[in-house]
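For reference, the structure is listed below as structure tokens.
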Amino acid sequence: MNTRNVRVWDLPTRLFHWLLAVLVVAAYITAQIGGSLIEWHGRVGIAITGLLVFRLVWGVIGSTYARFADFVPGPAHLWAHLRGHWSGLGHNPLGALSVLALLGVMLYQAVTGLFSNDEIAFSGPLRALVSSDTGDWLSGLHRQNYWLIIVLVGLHVSAVLFYALVKKDNLVRPMITGMKEVDEADARPAQGGGAVPFMIALAITAAVLYFATGSFIEPPPPPPPAAW
């Protein structure tokens with residue numbers, strides 16, 4: 001059987017994947033240790049927010065297999081995959097659902113974190129925009145969603161191991177090199193996602209981060225001088 005290497009994952013998609021993995025681990029560690037590291041937890045959360053925004057934009061204007069239009073599965077594709085009849089490059093239908101679920105819960109975690117507080121010394125950059133009760137409510141949602149993230153990340157890693165050990169399909173190597181070995185004669189390499197879309201995605205990400213960091217919020221006035 002003749003096989004060949006086909007470009008599947010572009011560099012921005014691969015960088016997003018591995019940077020997000022590193023930052024999620026960093027967010028977990030800083031949250032667990034707490035104390036002075038809670039400030040770093042907030043910074044990591046901002047970085048994750050930027051990554052997620054970039055990925056959402058890249059899912060529209062990026063290269064072929066990074067686009068949501070290519071890998072979001074319909075019922076027919078999902079059923080074909082469950083019966084072992086699906087073939088294609090990029091995310092398989094179940095993998096696509098996993099990616100969408102992870103993006104959803106990560107975005108939820110990032111947004112709630114922007115308005116959260118630890119009831120001690122840390123407040124999210126947009127905490128001043130909501131009432132105290134709303135901030136406490138969003139903080140609770142932020143803490144509760146942590147467990148869902150752990151479950152989904154665990155399922156994601158388990159699926160990668162299953163494909164590697166049982167189905168003999170290494171999903172990690174293409175996410176490192178960008179290339180996948182295929183035997184389909186009609187397999188087409190990824191197209192698009194060049195410098196111009198990349199710069200557009202970065203510009204949109206920078207604009208969203210400007211608001212996410214609360215840079216537009218006026219600082220509170222200094223307290224009046226103490227009377228003698």
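For the options M175, M199, M106, a Gaussian network treatment of the chain with springs between C-alpha atoms closer than 10 Å singles out M199 as fluctuating the most. Taking the helices alone, the chain has a mean residue ellipticity at 222 nm of -20500 deg cm²/dmol, built from -39,500 (n - 2.57) per DSSP H run of at least 4 residues and averaged over all its residues.
A simple spin-label model places the labels of F162 and L107 2.5 nm from each other, with each point 7 Å out along Cα-to-Cβ.
For the chain, return all DSSP H helices satisfying: extent of Cα atoms along own axis at least 15 Å; mean Kyte-Doolittle hydropathy at least 1.0.
11-33, 38-61, 93-114, 195-212
Given a 1.4 Å probe and the protein chains as shown, L94 ends up with an accessible area of around 80 Å². The distance between label points at R173 and S36 comes to 4.6 nm (points 7 Å beyond Cα on the Cα→Cβ vector). Computed in the context of the full set of protein chains, the accessible area of the chain at 1.4 Å probe radius has 69% of its extent on carbon or sulfur.
How high is the relative contact order of the chain, given as a whole-number percent (alpha carbon pairs under 8 Å, six or more residues apart)?
Normalised by residue count, the contact order of the chain is 33 percent.
Spacing of the modelled spin labels on N117 and A187, each 7 Å from Cα toward Cβ, amounts to 5.4 nm.
Rounded to two decimals, what is Rg over Rh for segment 126-228 when you use alpha-carbon atoms and the Kirkwood radius?
1.21
The values are calculated or read from the model by the stated rules, or taken from the named source; none is laboratory data. Bear in mind the structure is a predicted one, so any value in this text is a computation, not a measurement. Cβ sites come from the backbone with ideal geometry, for glycine too, and all protein chains shown count toward neighbours. These area figures cover heavy atoms from the full protein model, side chains too; ligands, DNA and RNA do not enter into them. Shrake-Rupley method; radii C 1.70, N 1.55, O 1.52, S 1.80 Å.
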